[in-house]
Amino acid sequence: FSQRGNVYLSFVKKLFERVSATATGYYQPSVRKLEDYRIRFEGGMNVEISSRLALELTYTLAHDNQLPVDVVKTDMTYLTGISIKY
């Protein structure tokens, strides 16, 4: 178990009337061992199809540089979804 610091930057921008984008980046170094760190990025777009329905696209990248040899250090996830307001 390691205590970690957390530094992040977040960005939200309305690109068009019905399209918005978000991006958040995290840097999480170990407090005791700075060469042990994690990086995470989350980016997404939201496209309003109607006042109650939207398409959501999300990309996530997570990297941990101090994992065991046989474990993948970088994971990427793509997610497509629909959101409904009611």
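The values are calculated or read from the model by the stated rules, or taken from the named source; none is laboratory data. Being a predicted model, the structure only gives us computed values, none of them experimental. FYI the Cβ positions are ideal-geometry reconstructions off the backbone, even for glycines, and counts take in every protein chain you see.
Overview of results
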| quantity | calculated |
| --- | --- |
| The lone exception for Ala21 - which of (1) in a loop (DSSP other than H, G, I, E, B); (2) of a type in the set (A, V, I, L, M); (3) surrounded by 12 or more Cβ atoms within 10 Å (Cβ to Cβ) it fails | (1) |
| Test for Thr58: is it without any contact (Cβ under 8 Å) to a residue 60 or more places away in the chain and farther than 27 Å from Ser2 by Cβ | yes |
| Matching residues, the range 47-82, being modelled with pLDDT under 95, polar (S, T, N, Q) and in a strand (DSSP E or B) | Thr74 |
| Qualifying residue in the range 1-13 (condition: surrounded by 10 or more Cβ atoms within 10 Å (Cβ to Cβ), within 20 Å of Gly81 (Cα to Cα), among the polar types (S, T, N, Q) and free of Cβ contacts under 8 Å to residues at least 40 places away in the same chain) | no |
| Tally, over the range 30-46, of residues that are over 18 Å from Asp75 (Cα atoms), of a type outside the set (S, T, N, Q) and part of a strand (DSSP E or B) | 1 |
